[in-house]
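A short worksheet on the structure shown next.
The values are calculated or read from the model by the stated rules, or taken from the named source; none is laboratory data. Just so we're clear, the structure is a prediction, and the values are computed from it rather than from any experiment. Here the Cβ positions follow ideal geometry from the backbone for every residue, glycine too, while neighbour counts run over all protein chains shown.
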Amino acid sequence: MTWTRRHLLDLQSLTAEELTVILDTARSFKAINGRSIKRVPPLRGKTVVNLFVEPSTRTRISFELAAVRLSADVVNFSAEASSLKKGETLRDTIRNLEALNADIIILRHSASGAPHYLARFASAHIINAGDGAHEHPTQGLLDTFTIRERKGRVAGLNVTILGDILYSRVARSNIWALLKLGAKVTLCGPPTLVPKVFEQFGCRVTWNLEEALRDADVVNLLRIQHERQRVTMFPSLGEYTALFGLNQARMKWVKPDALIMHPGPINRGVEIEGEIADGPQSVILEQVTNGLAVRMAVLFLVNGGKATETE
Ligand code: NCD
């Protein structure tokens, strides 16, 4: 299958075949990252702009390193230091970046749909690095990549996503990728953060933690997205931890070979006990490593690279 998309805006609109092309291409790039010389030429002479209108460390650094490894020139643009603060519209910012011949623009924005809006008029390739509570496609891809690498498959696995589903773009991108690739997805957390309406996507929704953990092959924990919650969704963080935090006592419900995942940033002692985050079942840092390979694959493919050329 050949890749034809100019942008990566979401995972909802991708087919299982397209998802698989990205994951396979990422596997080839992961091999490159293990070599002593890690730089390859596909984006030589191209300009990649990291336009982050919302705070981020790991995603921005990961995209930056991915672009550098592909030999691109990289410009980092953060909202605090930009004219967006002086009232310039996002559309004008993009036009200015394109006037400087930006080839790929990686956008993080607090408004859901911002990258889709840009893609309507931009001539550069647009990659969504997280738009509001909507999607975070490369996170969904790197999580799926990590599951597939560790478990050898995605189809038929039970994946539980635990925590603030309502405000999580990571949850939405995971749900689309996992369901399309044949996994069974269970969502769990307090009812105010895990509404039944998610069943319409094809997920199982349960507010019973033991039930959500018992048959899981993968447990993906999410941070409480305080910055996106417009009202208080539960009485206190302490109450959340008491009812839904993953601790040693609750690990007895988790299969010994289940993977413990988290997109970061972790709030130790809130959604996850520190010992579990650092424990033998945790693949949290592998997710970060795999994120680099996945982002290299996405940059390469949207720029017109052929999936087979990476071998
Ligand atoms: C996530 C995000 O920004 O959506 N983090 C990330 O990309 N590493 C999740 C979060 O902020 O909790």
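Looking only at segment 124-156, count how many residues are aliphatic (A, V, I, L, M) and within 10 Å of the ligand (Cβ to nearest atom). So that I can check it myself, show each step before the final result.
First pass over segment 124-156, keeping only residues aliphatic (A, V, I, L, M): 124, 126-127, 129, 133, 141-142, 147, 154-155.
Filter again for within 10 Å of the ligand (Cβ to nearest atom), leaving 129, 133, 142.
Selection size over segment 124-156: 3.
Residues considered: Leu11, Leu97, Leu23. Of these, the only one that is in a helix (DSSP H, G or I) and under 16 Å from Val294 (Cβ atoms) is Leu23.
Does Glu210 meet the test of being of a type in the set (D, E, K, R) and without any contact (Cβ under 8 Å) to a residue 24 or more places away in the chain? So Glu210 fails the test.
Put simply, of Asn247, Asn174, Asn220 the only residue that is closer than 15 Å to Ile272 by Cα, among the polar types (S, T, N, Q), within 16 Å of the ligand (Cβ to nearest atom) and not assigned by TED's automatic domain parsing to the domain that holds Glu54 is Asn220. Scan segment 60-79 for residues that are within 15 Å of the ligand (Cβ to nearest atom), in contact (Cβ under 8 Å) with a residue 12 or more places away in the chain and not hydroxyl-bearing (Ser, Thr, Tyr) and jot them down. Arg60, Phe63, Glu64, Leu65, Ala66, Ala79 - these are the residues of segment 60-79 that are within 15 Å of the ligand (Cβ to nearest atom), in contact (Cβ under 8 Å) with a residue 12 or more places away in the chain and not hydroxyl-bearing (Ser, Thr, Tyr). If I filter segment 106-122 down to residues being more than 16 Å from the chain's Cα centre (by Cα) and among the hydrophobic types (A, V, I, L, M, F, W, C), which single residue comes out as farthest from the ligand (Cβ to nearest atom)? So, considering only residues that are more than 16 Å from the chain's Cα centre (by Cα) and among the hydrophobic types (A, V, I, L, M, F, W, C), the one farthest from the ligand (Cβ to nearest atom) is Phe121.
Okay, residues lined up against (1) over 17 Å from Leu19 (Cβ atoms); (2) among the basic types (Lys, Arg); (3) part of a helix (DSSP H, G or I):
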{"site": "Ile106", "(1), (2), (3)": "yes, no, no"}
{"site": "Arg153", "(1), (2), (3)": "no, yes, no"}
{"site": "Leu178", "(1), (2), (3)": "no, no, yes"}
{"site": "Gly182", "(1), (2), (3)": "no, no, no"}
{"site": "Val185", "(1), (2), (3)": "no, no, no"}
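Screening Thr57 with (1) surrounded by fewer than 15 Cβ atoms within 10 Å (Cβ to Cβ); (2) away from the ligand (no atom under 16 Å from the Cβ) gives one miss only, at (2). Checked against the criterion of being part of a strand (DSSP E or B), under 27 Å from Leu222 (Cβ atoms) and touching a Pro at 6+ places or on another chain (Cβ under 7 Å), the candidates Asn50, Asn128, Asn76 yield just one match: Asn128.
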